[in-house]
Amino acid sequence: MTSFQPPAERIWWNTPVGKDEILWIGIALVWCLIMFFMMPYWHVYGKQNLSSEAYQTTPAKFQARVDAMVEKYKTGEEKGIPIVTPPAGSDVYLLGRLWQWYPILELEKDKSYRLHLSSLDWNHGFSLQPVNINLQVVPGYEMVMNITPDQSGDYAIVCNEFCGIGHHTMLGKIIVKE
Amino acid sequence: MAKFRVCPDSGFYFDKSAEQLIKVNAVAGVVCLLIAGIMALGVVLTRWQTIHLLPADTFYTALTAHGINALIFWIIFFEMAVLYFASSTLLRCRLAGPRWAWLGFALMVIGAVINNIAVFSGKSSVMMTSYVPMQAQPHFYLGLILFAVGALICCFVFLGTLVIAKEEKTYEGSIPLVTFGALTACIIAVFTIASGAIILVPTFLWSIGYINSIDAEMYRVIWWAMGHSSQQINVAAHISIWYLIIGILFGARPMSEKVSRSAFLLYILFLQLASAHHILVDPGMSAEWKIFNTSYAMYLAVLASLIHGLTVPGAMEVAQRNKGLTKGLFEWLRKAPWDNPVFSGFFISLVVFGFLGGITGVVMGTEQINLIIHNTIYVPAHFHATVVIGTTSTFMALTYLLIPVLFRRGLFLPKLAMWQPYLFGGGMVLLILFMLGAGTLGVSRRHWDMGFTGALLSFEYPGTAYMMMAIGAIGGVLGVIGGAAYIVVTVGSLLFGEKLEKSAGILESFGVKPLAAEVYNVERPERLAMAKKLPVEQHGSSGFEAPGTFALAMLLLVCFVIYYFINWDYLSSVWPMS
């Protein structure tokens, strides 16, 4: 008469079901459906969604596009890393490599940018702090999304995908101007 | 001819070869848990920023070893023991192909040793996930492949045993629920190991230079078809053990065989979609793909877990109420044997798995919410609730049952055993809660130094994050002490525990009657009979039999709903992106 005995009916589908179980299954199913439809709902009405826009790329190709942007819009330098101020609405590029985010981006508050992300070597993790936006940066793939910084200040990009011994030194920066 | 012995305490029939295999697999598992536990201490004491014990390279080696030994080796060795128990022992059937089972075990041991050699050499600190193109030594992958092949053989021994049991009619009717759950685990395991082979074999060939490159994104998608699905083996296995434990301790029968088994079927059908949970913020996946997969097709596997969340304690409640513990909503629970580590380990596991593991898992697996959680320390917090308290605590609880029943030994230091589930569970809950908090503040997982020493630029996490990591680490240390207590009790029992020559009466208080003495004198056990039908008014369609459990389930739901929408609110505060 226990859980490790064969059921009383060989066809277990025919065993009776209690009211509490039926009620709970009903409630749980409704909750599951609500959670399911929250995701498409957010795609329509929410403001934080990822696009599925991405391209296969190579380290050389992506590096060339980053370099082109740096050359065109470089406005300064911090500790040897160029600071780039691309115009609002433009395509901005950020690359991850061992162990650096390159370059430093200077963006305008409440303006949208098309951010392109890729890695030149291993997997890296784009973790924008303290906003706490986290993205996976995968070598060979260029991920594109529209971002609209809505607070000004200096933001750090922490690498949060393990990338070897210097992983903890991999910090980048995004500056958002009023 | 197979020989069985009857355990005088539990009445279980043990086939001799199955018994030996259950023992060696369990022991091998505990050895791996010991390694994992020592590594865990190094990891938490390093992430506790004030102590910051290990240098970076050792830390990453320790973290890799901790992950692989705890999450793969300990759990899967123990699961193989569970599979043999659920087939041979529960069905009173000889084990199919014991020699194959020994071969499988040997491969698993060799694989585990080879992989550990690679990791501890310090040249394969690639984390458990070993994302390409970061490369480990070839024997890192080879060890995992051998281990998986061994486990696959064991799965087929399990399936073969089910076939023999049916053929030789060792039981009446259908297989028991616990075996049904183990079968679920086995089916998921076969799927998992196949996915593992698809990705690890090419990766091994790449590491020895036969293949030029492995696509980094493809690796992530397929690796996680193994990596996440293997956690679903654990879920199916430990839920089966929950049913087993309430059956043994309380004589509980499932509230409804139909509901509990259907829930296991939902696992088989939908749990394997979980690879997507790790790919939600990766490049290139469409929103439709993410939503369908991350929700296990409309959360049908989550539904299954919510069902077990009701039916496991519900079955226990019904059994307790039938014994007269009917006062109020919770007398059945208050008067449960809280000083028995088999029960307390199981119940802590059930509660924490549901409230912490389940809820955080669904929240962070929500497509958009993953943006604020991916790769933060929130993620390990979640899976410590599911696999450390969920699976490992359950396996520990089962061990306390197996020591007298399988090894025929009395518990060594029973007082320590009594406190062990609380120490382990309490420490881990502390670790989980505060790592969840630190993750919400953006602290990264798999990170040696949250102070970023040596970085060109600078960033400082808020002081609260440091404090939370410190408290979490204290919880981690307590958890390690609790884990050490388990090892002391287990190993101590095998070495110094009182030898139980005849019935020790250990389980008599739960209504299990002692049977014959311990000799392998049974050629063929009595056929396992079907459960007796209960009158409907006592069970089934008419009743609302587990009001206490229902109240607890509603509490879970309320917490779930509130926490779910809090996270949407948090998400709505970050930078808009599309």
Search segment B:339-362 for residues that are free of Cβ contacts under 8 Å to residues at least 40 places away in the same chain and pair each with any residue that is surrounded by fewer than 24 Cβ atoms within 10 Å (Cβ to Cβ) and not in a helix (DSSP H, G or I) when their beta-carbon atoms are under 9 Å apart and the residues are at least 6 apart or on different chains. B:PHE347/B:ALA336; B:PHE347/B:TRP338
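Taking segment B:281-302 only, how many residues are on the phi < 0 side of the Ramachandran plot, of a type outside the set (Asp, Glu) and over 24 Å from the mean Cα position of the chain (by Cα)? Break it down into steps so the answer makes sense when it comes.
Going through segment B:281-302, the residues on the phi < 0 side of the Ramachandran plot turn out to be B:281-283, B:285-295, B:300-302.
Retained after the next criterion (residues that are of a type outside the set (Asp, Glu)): B:281, B:283, B:285-287, B:289-295, B:300-302.
Now drop any that are not over 24 Å from the mean Cα position of the chain (by Cα), which leaves B:281, B:283, B:285-287, B:289-292.
Matching residues across segment B:281-302 total 9.
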All but one of (1) without any contact (Cβ under 8 Å) to a residue 24 or more places away in the chain; (2) within 30 Å of A:GLN5 (Cβ to Cβ); (3) within 23 Å of the chain's Cα centre (by Cα) hold for B:ALA151; state the number of the condition that does not hold. (1)
Can you name the condition, by its number, that B:ILE369 falls short on among (1) surrounded by fewer than 24 Cβ atoms within 10 Å (Cβ to Cβ); (2) at pLDDT 95 or above; (3) in contact with a strand residue (DSSP E or B) (Cβ under 8 Å, 6 or more places away or on another chain)? (3)
If you go through segment A:107-130 one residue at a time, do you hit one that is crowded, with 24+ Cβ neighbours inside 10 Å, of a type outside the set (Ser, Thr, Tyr), touching a His at 6+ places or on another chain (Cβ under 8 Å) and facing another protein chain (nearest Cβ under 7 Å)? yes
Kindly indicate whether B:ALA274 is within 17 Å of B:GLN231 (Cβ to Cβ), in contact (Cβ under 8 Å) with a residue 24 or more places away in the chain and out of contact with any helix residue (DSSP H, G or I) (no Cβ under 6 Å at 6 or more places or on another chain). yes
First in segment B:169-198 and within 12 Å of another protein chain (Cβ to nearest Cβ), second anywhere and among the polar types (S, T, N, Q), Cβ under 6 Å, 6 or more apart: B:PRO176/A:GLN5; B:LEU177/A:SER3; B:LEU177/B:SER260; B:VAL178/A:SER3; B:VAL178/B:SER240; B:GLY181/B:SER240; B:ALA182/B:SER240
Going through (1) in contact with a Lys or Arg (Cβ under 8 Å, 6 or more places away or on another chain); (2) facing chain B (nearest Cβ under 7 Å); (3) touching a residue at least 24 places away in the same chain (Cβ under 8 Å) one by one, A:LEU50 fails only at (1)
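Being surrounded by fewer than 22 Cβ atoms within 10 Å (Cβ to Cβ) and either of a type outside the set (Ser, Thr, Tyr) or more than 30 Å from B:VAL351 (Cα to Cα) (or both): is that true of B:PHE180 here? Let's see the steps before the verdict.
On the way: surrounded by fewer than 22 Cβ atoms within 10 Å (Cβ to Cβ): no; either of a type outside the set (Ser, Thr, Tyr) or more than 30 Å from B:VAL351 (Cα to Cα) (or both): yes.
Criteria not met by B:PHE180.
Which is of a type in the set (A, V, I, L, M, F, W, C) and crowded, with 24+ Cβ neighbours inside 10 Å, of B:ALA315, B:ALA297, B:ALA287? I'd like the intermediate steps shown before the answer.
Working: B:ALA297 fails: crowded, with 24+ Cβ neighbours inside 10 Å; B:ALA287 fails: crowded, with 24+ Cβ neighbours inside 10 Å.
Of B:ALA315, B:ALA297, B:ALA287, the one residue that is of a type in the set (A, V, I, L, M, F, W, C) and crowded, with 24+ Cβ neighbours inside 10 Å is B:ALA315.
From the list B:MET435, B:MET396, B:MET450, B:MET418, pick out the single residue that is surrounded by fewer than 18 Cβ atoms within 10 Å (Cβ to Cβ), among the aliphatic types (A, V, I, L, M) and out of contact with any Leu (no Cβ under 8 Å at 6 or more places or on another chain).
On the way: B:MET435 fails: surrounded by fewer than 18 Cβ atoms within 10 Å (Cβ to Cβ); B:MET396 fails: surrounded by fewer than 18 Cβ atoms within 10 Å (Cβ to Cβ); B:MET450 fails: surrounded by fewer than 18 Cβ atoms within 10 Å (Cβ to Cβ).
Exactly one residue qualifies, and that residue is B:MET418.
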Condition first: under 22 Å from B:ALA136 (Cβ atoms) and facing chain A (nearest Cβ under 9 Å). Now tell me which residues in segment B:220-250 satisfy that. B:ARG220
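The rows are residues; the columns are (1) of a type in the set (Ser, Thr, Tyr); (2) assigned to a strand (DSSP E or B); (3) buried (at least 16 other Cβ atoms within 10 Å of the Cβ); (4) free of Cβ contacts under 8 Å to residues at least 60 places away in the same chain.
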{"residue": "A:THR75", "(1), (2), (3), (4)": "yes, yes, no, yes"}
{"residue": "A:PRO86", "(1), (2), (3), (4)": "no, no, yes, yes"}
{"residue": "A:GLY89", "(1), (2), (3), (4)": "no, no, no, yes"}
{"residue": "A:LEU95", "(1), (2), (3), (4)": "no, yes, yes, yes"}
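Considering only residues that are in contact (Cβ under 8 Å) with a residue 24 or more places away in the chain and at the interface with chain A (Cβ under 7 Å from one of its Cβ atoms), which ones fall in segment B:277-299? Break it down into steps so the answer makes sense when it comes.
Within segment B:277-299, the subset in contact (Cβ under 8 Å) with a residue 24 or more places away in the chain is B:277-284, B:287, B:290-291, B:294-297, B:299.
B:VAL281, B:ASP282, B:PRO283, B:GLY284, B:ALA287, B:ILE291, B:SER295, B:TYR299 - these are the residues of segment B:277-299 that are in contact (Cβ under 8 Å) with a residue 24 or more places away in the chain and at the interface with chain A (Cβ under 7 Å from one of its Cβ atoms).
Consider B:GLY426 carefully, then state whether it is free of Cβ contacts under 8 Å to residues at least 60 places away in the same chain, surrounded by fewer than 24 Cβ atoms within 10 Å (Cβ to Cβ) and within 25 Å of B:LEU41 (Cα to Cα). Please lay out each step first, then the result.
Numbers: free of Cβ contacts under 8 Å to residues at least 60 places away in the same chain: yes; surrounded by fewer than 24 Cβ atoms within 10 Å (Cβ to Cβ): yes; within 25 Å of B:LEU41 (Cα to Cα): yes.
Yes, satisfied.
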Spot the failing condition for B:GLY247; the list is (1) modelled with pLDDT of 90 or more; (2) touching a Leu at 6+ places or on another chain (Cβ under 7 Å), and only one is missed. (2)
Matching residues, segment B:251-274, being under 25 Å from A:ARG10 (Cβ atoms), part of a helix (DSSP H, G or I) and within 13 Å of chain A (Cβ to nearest Cβ): B:GLU257, B:LYS258, B:VAL259, B:SER260, B:ARG261, B:SER262, B:ALA263, B:PHE264, B:LEU265, B:LEU266
Inter-residue pairs, beta-carbon under 6 Å, first more than 21 Å from B:GLY454 (Cα to Cα) and in segment A:97-117, second of a type in the set (Ser, Thr, Tyr) and not in a strand (DSSP E or B), 6+ apart: A:GLU106/A:THR85; A:LYS109/A:SER152; A:SER112/A:THR148
In segment A:144-162, anything within 7 Å of chain B (Cβ to nearest Cβ) and surrounded by fewer than 24 Cβ atoms within 10 Å (Cβ to Cβ) is listed as A:MET145, A:ASN146, A:ILE147, A:THR148, A:ASP150, A:ALA156
Only unsatisfied item for B:SER17, checking (1) free of Cβ contacts under 8 Å to residues at least 60 places away in the same chain; (2) surrounded by fewer than 23 Cβ atoms within 10 Å (Cβ to Cβ); (3) in a helix (DSSP H, G or I), is (1)
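Hey, among B:PHE383, B:PHE355, B:PHE346, which residue is assigned to a helix (DSSP H, G or I) and crowded, with 24+ Cβ neighbours inside 10 Å? Talk me through it step by step, then tell me what you get.
On the way: B:PHE383 fails: crowded, with 24+ Cβ neighbours inside 10 Å; B:PHE355 fails: crowded, with 24+ Cβ neighbours inside 10 Å.
Every option except B:PHE346 fails the conditions.
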Residues of segment A:4-35 being at the interface with chain B (Cβ under 7 Å from one of its Cβ atoms) and not hydrophobic (A, V, I, L, M, F, W, C), in sequence order, are A:GLN5, A:PRO6, A:PRO7, A:ARG10, A:THR15, A:PRO16, A:GLY18, A:LYS19, A:ASP20, A:GLU21
With (1) touching a strand residue (DSSP E or B) at 6+ places or on another chain (Cβ under 6 Å); (2) more than 25 Å from A:GLU161 (Cβ to Cβ) as the list, and B:PRO283 as the residue in question, which single condition is left unmet? (2)
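Find the residue count for segment A:121-132, including only residues that are in contact (Cβ under 8 Å) with a residue 40 or more places away in the chain, among the hydrophobic types (A, V, I, L, M, F, W, C) and out of contact with any Cys (no Cβ under 6 Å at 6 or more places or on another chain). So that I can check it myself, show each step before the final result.
Filtering segment A:121-132 down to residues in contact (Cβ under 8 Å) with a residue 40 or more places away in the chain leaves A:121-124, A:128.
Keeping just the survivors that are among the hydrophobic types (A, V, I, L, M, F, W, C) gives A:122, A:128.
Applying the additional criterion that residues be out of contact with any Cys (no Cβ under 6 Å at 6 or more places or on another chain) yields A:128.
Residues that pass the stated criteria total 1.
The values are calculated or read from the model by the stated rules, or taken from the named source; none is laboratory data. Since we're looking at a predicted model, the values are computed, not measured. Reconstructed Cβ throughout: ideal geometry from the backbone, glycine too, with neighbour counts over all protein chains shown.
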